[in-house]
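The values are calculated or read from the model by the stated rules, or taken from the named source; none is laboratory data. This structure is a prediction, so every number in the text was calculated from the model and none was measured. Please note: Cβ atoms are built from the backbone with ideal geometry, for glycine as well, and neighbour counts cover all protein chains shown. Just so you know, the surface numbers come from the protein's heavy atoms only, side chains and all, with ligands and any DNA or RNA stripped out. Shrake-Rupley method; radii C 1.70, N 1.55, O 1.52, S 1.80 Å.
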Amino acid sequence: MNLREKMHWEQQQKALFEQAQGYAFDYADDALERNVFPTDQAISDLDAFVEDLPNEMGDAKTILEQLHQYGSPASVSQTGGRYFGFVNGGILPVTLATKWLTDFWDQNTALQVMSPITAKLEEICEQWLKQLFDLPDSTVAGFVSGTSSAIFCGLAAARYRIYKNHQWDFNQQGHNGAPPIRIIASRHTHGAVVKAIALLGFGIDNIEWVEADDQGRIIPENMPDLDSSCIVLLQAGNVNSGSFDPFDEICDRANAVDAWVHIDGAFGLWAGGTERLKHLTQGMHKAHSWSVDGHKTLNTPYDSGILLCCDKEALVSALQATGAYLTSCYGESRDGMLYTPEMSRRARAIELWAALKYLGRSGVDELVVGLHQRAVEFADQLRDANFDILNDVVFNQVIVAPSSDDEVTQQIMEAIQQSGECWVGGSLWNGKKVIRISVCSWVTSPEDISRSVQAFIKARDSIITASEK
Ligand SMILES: *Cc1c(COP(=O)(O)O)cnc(C)c1O
């Protein structure tokens with residue numbers, strides 16, 4: 001058989017897909033109880049993949065076997081209930097199943113004519129997100145790989161608009177000789193925002209930093225005077241404390257002088273989609289662009305970032321370097337590529353649609369508030385066990401200081417990680433080493449919290465006793 005015949009046979013037989021399904025189901029059955037982080041053995045077994053690029057064609061069945069045998073045990077159990085590292089979301093079953101189905105479609109979402117179904121669902125997601133977050137009617141959405149990319153798009157739109165307001169066509173005239181743009185950002189701005197500032201050529205040294213309070217919220221009184229050359233960067237969900245900047249007041253000041261406000265809400269923007277937590281995002285609709293992930297709080301599969309922007313002309317002009325947005329190449333249809341830097345993209349909005357369709361407003365509320373409640377339980381139980389909690393747990397993040405000695409904190413964190421019971425990462429908070437907990441998965445139950453608290457206590461006891469000897 002030649003290559004085409006062989007692959008045709010594999011496609012027709014479907015045995016390969018049944019094999020993958022069998023492995024996937026085994027993995028899912030195991031996910032709730034297995035070691036949260038892979039064992040040292042599993043990691044050293046990854047050497048099984050080390051080889052020169054093969055000369056000969058491989059065998060599909062053996063490839064899947066190898067992946068399951070060595071790959072599955074070396075994956076991090078994010079789909080279980082006790083992974084609290086970084087800010088990484090779980091996955092809703094309906095979105096995983098949707099991904100499987102639509103993987104068979106393998107759609108390209110650049111143009112409506114390439115995939116009418118994806119274009120339709122992007123349009124619907126755009127509408128639904130606008131309704132959920134109560135954003136201006138003019139808001140459009142770009143479906144990108146993640147919040148890092150979404151921030152980049154939002155700031156590109158901001159740059160286009162501010163220059164346009166000053167009679168400068170950035171696409172044509174570029175940076176040379178351009179009037180200055182001022183960047184105003186909080187000391188607690190996420191690294192992804194700083195990266196976008198650098199990538200877009202604003203220069204990190206040019207950022208006007210604004211001090212934040214003890215929760216990491218920007219202090220409005222410390223804001224410099226704004227003018228029409230300003231891009232103001234605010235945050236819904238501080239990556240350590242989960243706190244929210246005061247949007248209402250700062251947006252009013254920005255709007256009074258035609259400055260642009262971008263809100264980075266990678267995981268926190270979803271608070272604005274709930275009844276019970278939306279007080280946290282009050283006034284967010286007065287901004288101009290917003291970045292948010294599906295793959296964190298909403299628990300869609302990875303590779304799901306969203307840029308929302310109420311200035312369609314600025315966004316499309318910035319990303320397409322042309323005014324062609326007025327009439328797309330194929331008529332009235334919504335071509336997804338107008339709102340993203342890429343042309344070809346996978347159909348990630350379908351999983352987002354499935355999540356929103358499945359959850360509805362009440363499900364979003366229950367999911368997001370549930371994460372908050374688990375975080376509050378985590379903090380309460382740790383406090384009862386004499387751990388210092390350094391933040392107000394307003395959302396899903398908890399900052400724990402197990403010791404005033406950075407070295408001891410580090411050792412306790414490593415002992416927790418090595419227990420396999422749960423996984424938490426570290427961060428710096430006011431110059432001190434801390435443990436950061438992020439409750440991000442629908443799977444996490446009250447039992448997962450109690451069990452993880454026990455892992456904290458056991459780790460602390462083992463380190464403190466050992467250091468006393
Ligand atoms: C995760 C995160 C980002 C980056 O998002 P990606 O989807 O990983 O690109 C940016 N800002 C905040 C606040 C985040 O939590």
Quiz item: If we count every other residue with Cβ under 14 angstrom of Ile449's Cβ, Lys/Arg +1 and Asp/Glu -1, where does the sum land?
Solution: -2
Quiz item: Mind ordering 71-77, 121-127 by average Cβ neighbours within 10 Å, highest first?
Solution: 121-127, 71-77
Practice problem: Compare the Cα positions of Ala415, Gln373, Asn386 along the charge dipole of segment 371-450 (+1 at Cβ of Lys, Arg; -1 at Cβ of Asp, Glu; about the Cα centre) and return the one farthest towards the positive end. | Solution: Gln373
Practice problem: Mind listing the long-range amide H neighbours of Ser304? Cut-off is under 5 Å, sequence gap 5 or more, other chains count too, H placed in the peptide plane at 1.01 Å from N. | Solution: Gly294, His295
Self-check item: Within the chain, helix-based [θ] at 222 nm, where runs of 4 or more DSSP H residues each add -39,500 (n - 2.57), nearest 500
Solution: -13000 deg cm²/dmol
Practice problem: For segment 361-468, build the charge dipole from Cβ charges (+1 Lys, Arg; -1 Asp, Glu) around the Cα centre, then report which of Ala455, Ser441, Ala401 sits farthest towards its positive end. | Solution: Ser441
Exercise. Using Cα centres only, tell me the gap between segment 124-198 and segment 12-28 in whole Å.
Key: 42 Å
Quiz prompt | Cα-based reach from Lys278 at 19 Å (exclusive), listing lysines while leaving out same-chain residues under 8 positions away | solution = Lys130, Lys286, Lys296
Quiz item: Net charge near Asp134, counting Lys/Arg +1 and Asp/Glu -1 over other residues with Cβ under 13 Å of its Cβ?
Solution: +2
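Please give the peptides 55-67, 235-247 ranked by average Cβ packing (other Cβ atoms within 10 Å per residue), highest first, as a rough proxy for protection.
235-247, 55-67
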Exercise. May I ask you to order 6-18, 354-366 by the average number of other C-beta atoms within 10 Å around their residues, highest value first?
Key: 354-366, 6-18
Quiz item: How large is the convex hull of the Cα atoms of the chain per residue, expressed in Å³ as a whole number?
Solution: 175 Å³
Practice problem: Mind checking the per residue accessible area of segment 98-357 for me, 1.4 Å probe, whole number of Å²? | Solution: 39 Å²
Quiz item: Under a Cβ-Cβ cut-off of 13 Å, what is the net charge of the residues other than Tyr27 that fall near it, where Lys and Arg count +1 and Asp and Glu count -1?
Solution: -3
Quiz prompt | Per residue accessible area of segment 361-468, 1.4 Å probe, in Å² | solution = 42 Å²
Quiz item: What is the magnitude of the charge dipole of segment 361-468 about its Cα centre, with +1 placed on the Cβ of each Lys and Arg, -1 on the Cβ of each Asp and Glu, and no other charges, expressed in debye to the nearest 20?
Solution: 220 debye
